[in-house]
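Here is the structure we will look at.
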Amino acid sequence: MNAAKPSLFMRLGNGFMRGLLRSPLHGLLSGSMLLIGVTGRKTGRVYVTPVNYLPDGDELLIVSLRSRTWWRNARSGAVALRLRGADVPGQARVIEDEAGVAAQMTAYLRRAPKLARAFGVRLDARGEPAAEDVVRVARERVVIRVRPMRPAPEVYS
């Protein structure tokens, strides 16, 4: 499967986010965004991508579109993070099977129900994600669980 080349707008936006998250102003975004670095399995080149994350115990949950390519290199497990202004090594586990992604997305949206709208998932009166919406989302996305190997400042506060 060939992934679409990122648009100029996306490349510029990612470049801006990388710069901001590496700057002293990282606090504006670093409560919910981080930089993740993965090493290309064919090229050996390090690719750094800004992503949203949600703390989950001693792990971080990251959701990506399947059509993106960066997460495929996280399958190796070793990743580098720029988390809350600190460089931190991490261990990643990529969840790709649709049932596994659906289970992770359900837990994710229970923890962060305000994000349901961004994913196009309806919530019922009790705040539970609609199962059919979660199944649809799981077809389009993967979940990456990352365990930072040492905590960055204020990661779990």
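Report whether or not V101 is crowded, with 20+ Cβ neighbours inside 10 Å, touching a residue at least 24 places away in the same chain (Cβ under 8 Å) and not in a helix (DSSP H, G or I).
no
Can you tell me which residue within segment 54-98, out of those that are part of a strand (DSSP E or B), out of contact with any Leu (no Cβ under 9 Å at 6 or more places or on another chain) and free of Cβ contacts under 8 Å to residues at least 60 places away in the same chain, is nearest to G37 (Cα to Cα)?
A78
If L115 satisfies every condition in (1) of a type outside the set (G, A, S); (2) more than 23 Å from S30 (Cβ to Cβ); (3) in a helix (DSSP H, G or I) but one, which is the exception?
(2)
Checking the structure you have, find out if any residue of segment 8-28 is touching a Pro at 6+ places or on another chain (Cβ under 9 Å), crowded, with 16+ Cβ neighbours inside 10 Å, under 30 Å from R122 (Cα atoms) and modelled with pLDDT of 90 or more.
No, every residue in segment 8-28 fails to be touching a Pro at 6+ places or on another chain (Cβ under 9 Å), crowded, with 16+ Cβ neighbours inside 10 Å, under 30 Å from R122 (Cα atoms) and modelled with pLDDT of 90 or more.
Determine if segment 94-110 includes at least one residue that is touching a His at 6+ places or on another chain (Cβ under 7 Å) and over 29 Å from K42 (Cβ atoms).
No, segment 94-110 contains no residue that is touching a His at 6+ places or on another chain (Cβ under 7 Å) and over 29 Å from K42 (Cβ atoms).
The values are calculated or read from the model by the stated rules, or taken from the named source; none is laboratory data. Fair warning: this is a prediction, and the values are worked out from it, not measured in the lab. Methodologically, a virtual Cβ is constructed for each residue, glycine included, from the backbone with ideal geometry; neighbour enumeration extends over all protein chains shown.
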